[in-house]
Protein chains: 2
Amino acid sequence: MSENNEFQSVTESTTAPTTSNPYGPNPADYLSNVKNFQLIDSTLREGEQFANAFFDTEKKIEIARALDDFGVDYIELTSPVASEQSRKDCEAICKLGLKAKILTHIRCHMDDARVAVETGVDGVDVVIGTSKFLRQYSHGKDMNYIAKSAVEVIEFVKSKGIEIRFSSEDSFRSDLVDLLNIYKTVDKIGVNRVGIADTVGCANPRQVYELIRTLKSVVSCDIECHFHNDTGCAIANAYTALEGGARLIDVSVLGIGERNGITPLGGLMARMIVAAPDYVRSKYKLHKIRDIENLVADAVEVNIPFNNPITGFCAFTHKAGIHAKAILANPSTYEILDPHDFGMKRYIHFANRLTGWNAIKSRVDQLNLNLTDDQIKEVTAKIKKLGDVRPLNIDDVDSIIKDFHAELSTPLLKPVNKGTDDDNIDISNGHVSKKAKVTK
Amino acid sequence: MSENNEFQSVTESTTAPTTSNPYGPNPADYLSNVKNFQLIDSTLREGEQFANAFFDTEKKIEIARALDDFGVDYIELTSPVASEQSRKDCEAICKLGLKAKILTHIRCHMDDARVAVETGVDGVDVVIGTSKFLRQYSHGKDMNYIAKSAVEVIEFVKSKGIEIRFSSEDSFRSDLVDLLNIYKTVDKIGVNRVGIADTVGCANPRQVYELIRTLKSVVSCDIECHFHNDTGCAIANAYTALEGGARLIDVSVLGIGERNGITPLGGLMARMIVAAPDYVRSKYKLHKIRDIENLVADAVEVNIPFNNPITGFCAFTHKAGIHAKAILANPSTYEILDPHDFGMKRYIHFANRLTGWNAIKSRVDQLNLNLTDDQIKEVTAKIKKLGDVRPLNIDDVDSIIKDFHAELSTPLLKPVNKGTDDDNIDISNGHVSKKAKVTK
Ligand SMILES: [Co+2]
Ligand SMILES: [Co+2]
């Protein structure tokens with residue numbers, strides 16, 4: 001090691017390689033629930049507000065059972081006052097005896113509360129709009145009225161011995177003092193949870209963190225969060241909320257909900273397993289995600305998005321030669337998410353012009369052929385050349401490799417290897433194959 | 001206003017309604033580039049690494065022209081050393097005379113640099129893996145070697161008078177001191193940009209903010225960021241990077257890239273227009289997003305995800321009765337994104353059991369029929385009842401409304417209205433219609 005090397009002293013660490021998780025919880029977040037969160041699945045409430053959703057009783061029960069089996073902590077259902085069948089379905093799901101607690105979601109109104117508590121639910125989620133917009137254009141009520149209704153509804157629901165959550169709607173456009181005031185009031189009465197909702201899907205992560213941290217200093221109950229995904233931040237906002245001290249996240253399968261939906265169950269699992277792998281693996285049946293997503297996608301007649309976390313068709317596909325090389329050497333190089341956790345498989349896409357010889361070498365091995373590294377580099381060049389002309393499929397590549405291999409193996413041709421002494425000839429599958437020494 | 005009203009003093013603000021944007025840049029972020037960012041579109045580089053991508057020359061040129069027309073600042077192309085055709089295509093796109101600057105993306109190696117500078121590009125993006133994982137399993141080089149190659153390549157590219165960016169790969173798993181050390185070195189030599197890359201797609205927003213803020217204190221050049229989307233945070237990470245002082249974000253159309261891709265162009269525009277509406281509207285042709293997405297989706301044979309920001313089929317569809325009511329009164333209640341900015345339309349989904357009478361009233365108006373509010377509530381109940389039995393379509397609802405209206409209009413039936421004195425009969429479209437007084 002020379003002295004004129006300006007990087008030497010800092011780059012090659014003398015300490016043992018750290019085993020800490022670079023994507024784990026931030027130690028500075030002493031209120032963090034990243035390793036202690038709960039899921040409220042709202043596929044049967046928020047998800048019913050998705051444009052394409054119509055769930056009959058049977059489908060609702062099938063979805064509820066699948067979510068329960070997966071391990072969600074709560075299942076939220078459409079208000080029993082939404083329609084007569086909604087009420088009957090709510091009662092039917094309460095009778096299933098699931099491990100997950102059953103919630104229903106109502107307006108902050110005694111008429112709704114009286115119906116809700118009779119359905120057999122374990123808890124009631126109350127929501128009211130507190131932003132100027134919703135107060136003006138939705139319900140027309142002022143904060144005094146909101147507080148008064150909230151207290152009445154909460155005390156009534158509590159008197160029935162079931163859980164109660166009070167949430168504002170459009171929380172990020174509500175006056176902060178109004179919000180804290182009403183949350184403090186309902187916390188004192190003894191709600192189980194207060195909720196923050198980004199109803200319009202425009203909050204950003206640091207804004208979420210600040211609000212949750214502030215709220216956490218005002219209430220002693222748990223904080224639940226609900227994030228819409230209009231600006232693509234619903235998963236990140238959920239994560240950041242947990243960092244700030246929120247405990248429960250509203251999700252739905254594939255994120256279905258109003259407009260383009262909310263935090264998706266599968267995507268949030270991808271996010272959380274990176275940060276809290278032991279907690280997530282021990283609590284949720286991750287390999288069920290694909291089935292649940294297919295169940296719901298079929299029910300609402302959509303396709304799984306091509307770029308869906310975990311289950312998108314290419315979520316674990318590696319293509320560029322340089323990526324494939326490293327992935328073959330150690331999957332962790334380009335993949336923190338382990339596909340096996342989700343019952344999925346890794347795929348190296350080698351049939352294209354960006355391929356590299358490491359990916360082709362892997363294919364040669366799969367084909368049970370033997371080529372030297374130099375030979376593999378030669379056949380890789382042939383593959384890339386064809387890949388420049390047109391899209392390739394696996395058959396194309398396999399043909400090129402097999403042709404190349406067959407030519408090499410024909411005794412009339414001059415051997416390509418440079419005289420290593422342990423070469424020998426295998427005969428397998430009708431091919432005469434040349435077993436080459438593999439250089440390290 | 002009574003004194004025993006504990007919310008009175010704080011809830012009804014005496015100040016004028018604030019016109020500030022609750023989703024605008026955080027005033028505490030004095031290095032923020034939220035209102036001053038640039039886009040590097042990498043559809044023709046990162047996007048070419050998407051499993052399904054094969055772009056021939058013609059398609060590359062079509063995509064490059066569309067991106068240029070939209071207004072991206074840079075277009076990044078696959079390395080000219082990836083294949084012979086890649087080099088030719090790079091040269092062809094450089095000759096188009098686009099407003100956007102053309103970049104190509106190479107390994108940190110003189111062999112690559114020599115080819116790149118001859119293609120006619122405006123700039124070269126150099127990348128090398130600095131994490132232990134990539135150093136061990138990808139290129140096998142130590143930090144001294146990396147720094148030495150970087151300096152050589154950077155000085156060579158600069159000598160040709162073109163832009164140069166130096167980026168690490170897998171930055172969030174790299175040793176922080178190593179990273180800052182090498183960035184400081186290349187900044188001193190005079191690179192145009194340094195890049196941070198979340199190659200494995202597992203960084204979280206506050207982690208991104210911290211790293212960018214730290215890096216910003218070490219370098220004077222611009223910072224570019226590249227975020228993969230494996231855990232669904234690529235848009236949020238990009239936003240938070242801008243808050244921390246990054247200037248340029250790598251995007252691709254629909255986010256296509258390795259695995260499930262990177263920050264999507266359209267989704268980032270949804271995020272940014274909320275925070276910096278004037279900047280975004282003045283700089284980018286937002287109404288072109290749909291066409292560009294369709295162009296690329298066709299080329300790589302995928303569907304636009306159902307839940308895609310902006311262009312997903314339901315991105316501006318409102319369903320629940322309570323949402324529809326407020327949206328009809330003022331779209332801003334549930335919609336910060338204005339669909340018209342993107343050449344899209346808002347849609348109120350009224351044909352379902354969750355519908356409310358405000359949505360049905362809007363449909364009655366569209367049908368040019370006249371019903372009192374009480375009548376609309378009555379017909380809404382009929383619609384919800386059928387909606388409980390099966391999925392509805394617009395024709396179902398229209399038939400129920402028209403039948404209801406026709407029955408009312410038949411003289412044999414007892415009038416439903418309660419004797420307002422300004423009722424009168426219109427005859428239009430062959431229907432006898434009853435023009436009712438509409439209560440406010
Ligand atoms: Co919602
Ligand atoms: Co990338």
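The values are calculated or read from the model by the stated rules, or taken from the named source; none is laboratory data. Here the structure is a predicted model, which is why all the values come from computation and not from measurement. Positions of Cβ are generated from backbone atoms using ideal geometry, with glycine treated the same way; all protein chains shown enter the neighbour counts. These area figures cover heavy atoms from the full protein model, side chains too; ligands, DNA and RNA do not enter into them. Shrake-Rupley method; radii C 1.70, N 1.55, O 1.52, S 1.80 Å.
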Requested in this report: Give just the number: which of (1) touching a residue at least 12 places away in the same chain (Cβ under 8 Å); (2) more than 14 Å from every other protein chain (Cβ to nearest Cβ); (3) on the phi < 0 side of the Ramachandran plot does residue B:368 not satisfy?
Outcome: (3)
Report summary line: residue A:155 passes all but one of the listed conditions (1) within 14 Å of chain B (Cβ to nearest Cβ); (2) farther than 19 Å from residue A:129 by Cα; (3) acidic (Asp, Glu); the exception is number (1)
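If a residue has to be open to solvent by 10 Å² or more (accessible area, probe 1.4 Å), at the interface with another protein chain (Cβ under 8 Å from one of its Cβ atoms) and in contact with an Asp or Glu (Cβ under 8 Å, 6 or more places away or on another chain) to count, how many in segment A:122-137 make the cut? Show your work before the answer.
Kept after step one, since they are open to solvent by 10 Å² or more (accessible area, probe 1.4 Å), are these residues of segment A:122-137: A:122, A:127-128, A:132-133, A:135-137.
Right, trim to at the interface with another protein chain (Cβ under 8 Å from one of its Cβ atoms) and you get A:132-133, A:136-137.
Subset that is in contact with an Asp or Glu (Cβ under 8 Å, 6 or more places away or on another chain): A:132-133.
Number of matching residues: 2.
Within segment A:93-121, which residues are under 27 Å from the mean Cα position of the chain (by Cα) and not in a helix (DSSP H, G or I)?
Residues of segment A:93-121 that are under 27 Å from the mean Cα position of the chain (by Cα), as a first pass: A:93, A:98-105.
Those that are under 27 Å from the mean Cα position of the chain (by Cα) and not in a helix (DSSP H, G or I): A:98, A:99, A:100, A:101, A:102, A:103, A:104, A:105.
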Requested in this report: Could you grab the pairs with beta carbons closer than 6 Å, sequence gap of 6+ or different chains, first residue in segment A:226-246 and within 17 Å of residue A:275 (Cα to Cα), second one assigned to a helix (DSSP H, G or I) and of a type in the set (Lys, Arg)?
Outcome: A:235/A:271; A:239/A:271; A:244/A:213; A:245/A:216
Query raised in the report: For segment A:263-290, what are the residues that are facing chain B (nearest Cβ under 10 Å) and either among the charged types (D, E, K, R) or over 23 Å from residue A:331 (Cβ atoms) (or both)?
Result: A:263, A:264, A:271
**Report entry** Residues of segment A:357-390 classified as within 20 Å of residue B:90 (Cα to Cα) and open to solvent by less than 20 Å² (accessible area, probe 1.4 Å), total
**Finding:** 1
Query - Every residue from segment B:291-311 that is facing chain A (nearest Cβ under 7 Å) and surrounded by fewer than 24 Cβ atoms within 10 Å (Cβ to Cβ) - result: B:302, B:303
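Yes/no per residue for (1) in the same structural domain as residue B:73 (by the TED database); (2) under 25 Å from residue A:346 (Cα atoms); (3) away from ligand 1 (no atom under 16 Å from the Cβ); (4) over 13 Å from the mean Cα position of the chain (by Cα):
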| residue | (1), (2), (3), (4) |
| --- | --- |
| B:251 | yes, yes, yes, no |
| B:258 | yes, yes, yes, yes |
| B:266 | yes, no, yes, no |
| B:269 | yes, no, yes, no |
| B:294 | yes, no, yes, yes |
| B:310 | no, no, yes, no |
Query raised in the report: Does segment B:175-190 contain any residue that is open to solvent by less than 10 Å² (accessible area, probe 1.4 Å), within 16 Å of ligand 2 (Cβ to nearest atom) and in the same structural domain as residue B:239 (by the TED database)?
Result: no
Query raised in the report: If a residue has to be small (Gly, Ala, Ser), open to solvent by less than 10 Å² (accessible area, probe 1.4 Å) and closer than 23 Å to residue A:282 by Cβ to count, how many in segment A:316-343 make the cut?
Result: 0
Query raised in the report: Is it the case that segment B:31-44 has a residue that's in the same structural domain as residue B:242 (by the TED database), farther than 18 Å from residue B:270 by Cα, surrounded by fewer than 24 Cβ atoms within 10 Å (Cβ to Cβ) and within 16 Å of ligand 2 (Cβ to nearest atom)?
Result: no
Query raised in the report: When segment B:143-174 is examined, which residues are found to be open to solvent by 10 Å² or more (accessible area, probe 1.4 Å) and either of a type in the set (A, V, I, L, M) or without any contact (Cβ under 8 Å) to a residue 12 or more places away in the chain (or both)?
Result: B:144, B:145, B:148, B:151, B:159, B:161, B:162
Report task. Can you run down the residue pairs with Cβ atoms below 6 Å, 6 or more apart or on separate chains, where the first is in segment B:43-57 and hydrophobic (A, V, I, L, M, F, W, C) and the partner is near ligand 2 (Cβ under 10 Å from one of its atoms) and part of a loop (DSSP other than H, G, I, E, B)? Result -> B:50/B:257
Query raised in the report: Which pairs have Cβ atoms under 7 Å, sit 6 or more apart or on different chains, and link a residue in segment A:190-214 that is closer than 19 Å to residue A:257 by Cα and within 12 Å of ligand 1 (Cβ to nearest atom) to one that is of a type in the set (Phe, Trp, Tyr) and open to solvent by 10 Å² or more (accessible area, probe 1.4 Å)?
Result: A:198/A:172
Query - Residue, surrounded by the fewest Cβ atoms within 10 Å (Cβ to Cβ), within segment A:45-79, restricted to residues that are within 16 Å of ligand 1 (Cβ to nearest atom) and more than 19 Å from residue A:302 (Cα to Cα) - result: A:74
Requested in this report: Taking the residues in segment A:215-238 that are away from ligand 1 (no atom under 16 Å from the Cβ) and either within 19 Å of residue A:126 (Cβ to Cβ) or not assigned by the TED database to the domain that holds residue A:146 (or both) as candidates, determine which candidate is surrounded by the most Cβ atoms within 10 Å (Cβ to Cβ).
Outcome: A:223
Query - Residue under evaluation residue A:100, criteria (1) at pLDDT 95 or above; (2) surrounded by fewer than 22 Cβ atoms within 10 Å (Cβ to Cβ), criterion not met - result: (2)
